[in-house]
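Values quoted throughout were computed directly from the atomic coordinates according to the rules given, and no laboratory measurement underlies them. Quantities reported herein were computed from a predicted structural model and do not represent experimental measurements. Cβ atoms come from the backbone with ideal geometry, glycine included; neighbour counts cover every protein chain shown.
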Ligand SMILES: Nc1ncnc2c1ncn2[C@@H]1O[C@H](COP(=O)(O)OP(=O)(O)O)[C@@H](O)[C@H]1O
Ligand SMILES: [Mg+2]
């Protein structure tokens, strides 16, 4: 009845390796997976051209992707091979770029074609080694009767810790497209339908890799019990949180902690939004339990956010006030270290492991949970009702807001919009995915506006706290920092006012007749 | 983008040798280079092992920008492409004027196939009459190999005269001594006299007569690939260094 879609096939339709024949149609794709050994493959002439193989060069290699698997999902494979990065793409020509260092973030790579082609990857995610091993690389060419090179190729034999793959990357030379086509046709025939899909590379090198999905898509039948659905969503997000622990400890990038917290926050909102599925007393206890899990991560996340704002803050202030920022960010860096150390100790401790294991067991099925009054309700009807009620609430609150309404009510509107969005996300599989996506999109403009309004207000409070908390013996430094923080707060305050001034209009845009109709059609109870 | 023509109305003076080795030197220095073989004899193409394109003899060939770009072939060296021989001068005029115009469709088409050239080198045939004036007008510099003999001295005088008569700027003329034989007193005397007459116009670098260069025909490759450290290789290297700084190519 319930399936957690976590296999590649379910996640990435069309994952089934595309056949080489199809590949040949895109003439940009220039690599193929080989079945035969290169020596036998190029033992004889190819299309009346003489193969020439250079000596092989041995280096190390690593297959790179970010934790979200963005490269794999977009049909690309990124190989580090000793001296540079090779980017293979199911839909475009391969790219190579020399790499002197071992940069982990795309933004830190030196300028070059590979960096450009990776511009779509999220900035905050680092590149991770999915696997590594040894690589034998051998350049070759097909040469005509005059000794002129007509096409080039590179043979790559990758021996990873969990598997091997052999591939050939072909190079088209200007004016010699025909020879390139002949080489590709030959390789296709010889490789016995071997495909140029990057999926094969992952299959071969990391056969057991479990993809990470930050937003797991839980699928349930419309008549499933509400409690089963809630339990399943919670268990899926609990797994997401756990997948992030290692990355937090290793301090790979800040998204691990962020995703960890988002997962726990979603669990908390399931507990408060799916009202009545669990007994009141258990709901209260569980909420407390998840809040306790989140609490020790808050400070570190705050610091991460400040550090991300760093460039922005420097831009906002004149150079004369940079001294105070320097002082402030120095302090952040220091406290980040100690916060991370604390969190690591906690993650590695027994109490935490015990707590996580028991939660995992608790949510593995419904047998140990205490049913509430809504537990047995069919999930579709239940979901529809929750979304509809929440939508009505958002509308009511939004319509009551004008330019003079106190900020507290705007904050409440924000929280309700967020809840509405979470509900639609959790229950998306029960409705038309496309329609739900469209509704979430209808809400986006308003949510962005309210989100910024909130961020600016939170930042002001937080900066003030930083200043109040700073214990400094050096009064000069303290004064510097106070000046910079004061200036920042003034700017952030102005920004907050600007966002506030937009709220009435963003809401009116969301509250259009068309959007109202869509919500009504999708989520209002059909009275027969 | 700069255009350099290798030109003399005399045959066998080292035009093709200069064009071939200069193109290789420029490409090795990272300058994106296109070598155009304008001589139906096809010497440049021969050294790079590129067969003359049959398609190029077709009259309708250059009616379309795409055809220009299709005629270009990759050499075996990075940053260096070849436009093989057998192009009609009329077609070539069109080609050059489009290359000069930075907004032309040809430029855009080449850019789109990642062939945006910094430098175009023309290996010209040894006659003035048929070669369009436009080539001279389009070129930023016209390299003229001068073998230091009395006869060649007259030839160079003729070229400068032709330029003046046609209202072309003779400032573009960049003569250099080619196939120089040190041991011949005649060569030494002619060089001294001509440097005196033409002042700084002559390149300081000159190309000696050497078997390193003669053997290009057997190797079918630029000198630097097989005799970089020898007299021939070093001569073209110095030649390129001086020319690139004079024309601000790198
Ligand atoms: N510096 C040199 N030393 C020895 N032989 C040379 C030299 N330059 C050119 N040659 C040879 O002389 C012949 C004519 O040279 P080439 O460059 O083809 O002249 P052009 O293009 O002016 O007709 C070729 O066989 C070439 O190998
Ligand atoms: Mg010639």
Full-stretch length increase - residue B:169, residue B:51 - with 0.36 nm per residue and alpha-carbon distance subtracted: 39.0 nm
Using a Förster distance of 22 Å, the FRET efficiency for residue A:215-residue A:307 (Cβ separation, nearest 0.05): 0.30
Extension gain from residue A:468 to residue A:48, taking 0.36 nm per residue of separation minus the Cα-Cα distance: 143.2 nm
Between 0 and 90°, nearest 10: helix B:150-165 axis offset from chain B longest Cα axis: 50
Relative contact order, percent, chain A [alpha-carbon distance under 8 Å, six or more residues apart]: 14
Segments A:146-154, B:96-104 sorted - mean Cβ within 10 Å per residue, highest first: A:146-154, B:96-104
Label-point separation in nm, residue A:326 to residue A:368, each point 7 Å along Cα→Cβ: 5.5
Separation of the residue B:97 and residue A:344 label points, Cα + 7 Å toward Cβ, nm: 7.1
Order of A:395, B:6 - criterion: other Cβ atoms within 10 Å of each residue's Cβ, fewest first: A:395, B:6
Which of A:457, A:272, A:94 has the fewest Cβ neighbours within 10 Å, and the rest in rising order: A:272, A:457, A:94
Computed E for residue A:458/residue B:193 - FRET, C-beta separation, R0 56 angstrom, nearest 0.05: 0.05
Label-to-label distance, nm, for residues given as residue A:501 and residue A:475 (7 Å Cα→Cβ offset): 4.0
Exercise: per-residue mean of other protein chain Cβ atoms within 10 Å, A:508-517: 0
Degrees separating the helix B:89-100 axis from the principal Cα axis of chain B, which is the longest one: 90
Inter-chain shielding of A:137-147 (mean C-beta neighbours from other protein chains, 10 Å cut-off): 2
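Suppose R0 equals 22 Å. What FRET efficiency, 1/(1 + (r/R0)^6) with r the Cβ-Cβ distance, do residue A:441 and residue A:242 give to the nearest 0.05?
0.10
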Chain A: angle of helix A:433-469 to the longest principal axis, Cα-based, in degrees nearest 10: 70
Tensor-based shape of the protein assembly as shown (alpha-carbon gyration tensor, a/c under 1.5 rounded, otherwise prolate or oblate): prolate
Chain B: C-alpha gyration tensor shape, a/c 1.5 cut-off, then a/b vs b/c: prolate
Residue-averaged beta-carbon neighbours from other chains (10 angstrom radius) around A:174-186: 2
